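The values are calculated or read from the model by the stated rules, or taken from the named source; none is laboratory data. Predicted model only: the values in this text are computed from it and were never measured. Positions of Cβ are backbone-derived with ideal geometry, glycine not excepted, and every protein chain shown enters the neighbour counts.
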Amino acid sequence: MKLSGIKKRLPIYYTAGFLVLLGLLPKFGALAQIIPSPVLGGAMLVMFGFVSIQGMQILARVDFANNEHNFLIAAVSIAAGVGLNNSNLCNSLPTAFQMFFSNGIVVASLLAIVLNAILNHNKKEK
């Protein structure tokens, strides 16, 4: 939404639905497969850059000074996500679990949610 300048979410919902419908048509799937890898790599680089900056903006709004739990949650989650990216730790897990726990982003997100629920469970929003 920031890149396009569109303030309403309805056009984004329509676009997402349209892309899902296109994904169900084999001809459009074949068209997507012929896109050169460098082009996809460039698009992914920009997309992940936007996601990273958005994450940094969210972390900038977190109160680290008055709540030491938030610092611990962020530090452990980021370290686990980065550390598991090239790890062979998940090879002994069942295939269904490997799909989730071999991805550092998924591990970091789940760990942040669980740690936040455990460490900040009795904190009330002001």
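Below, the figures for the structure above:
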item: From SER37, SER102, SER52, residue being surrounded by 11 or more Cβ atoms within 10 Å (Cβ to Cβ) and among the hydroxyl-bearing types (Ser, Thr, Tyr); result: SER102
item: Which numbered condition ILE34 fails, given (1) farther than 22 Å from ALA108 by Cα; (2) in contact with an Asp or Glu (Cβ under 8 Å, 6 or more places away or on another chain); result: (2)
item: Residue in the range 68-75 that is touching a Lys or Arg at 6+ places or on another chain (Cβ under 9 Å) and in a helix (DSSP H, G or I) present; result: yes
item: Criterion (surrounded by 10 or more Cβ atoms within 10 Å (Cβ to Cβ) and either among the aliphatic types (A, V, I, L, M) or at positive phi (or both)) met by exactly one of LEU25, LEU10; result: LEU25
item: From PHE97, PHE28, PHE64, PHE101, residue being touching a Phe, Trp or Tyr at 6+ places or on another chain (Cβ under 8 Å) and not β-branched (Val, Ile, Thr); result: PHE64
item: Filter result (within 22 Å of the chain's Cα centre (by Cα) and at pLDDT below 90) within the range 20-36; result: GLY23
item: Count of the range 106-125 residues which are assigned to a helix (DSSP H, G or I) and surrounded by 13 or more Cβ atoms within 10 Å (Cβ to Cβ); result: 10
item: Test for PHE71: is it under 16 Å from the mean Cα position of the chain (by Cα), within 23 Å of GLY104 (Cβ to Cβ) and of a type in the set (A, V, I, L, M, F, W, C); result: no
item: Residue check, GLY5 surrounded by 10 or more Cβ atoms within 10 Å (Cβ to Cβ) and out of contact with any Asp or Glu (no Cβ under 7 Å at 6 or more places or on another chain); result: no
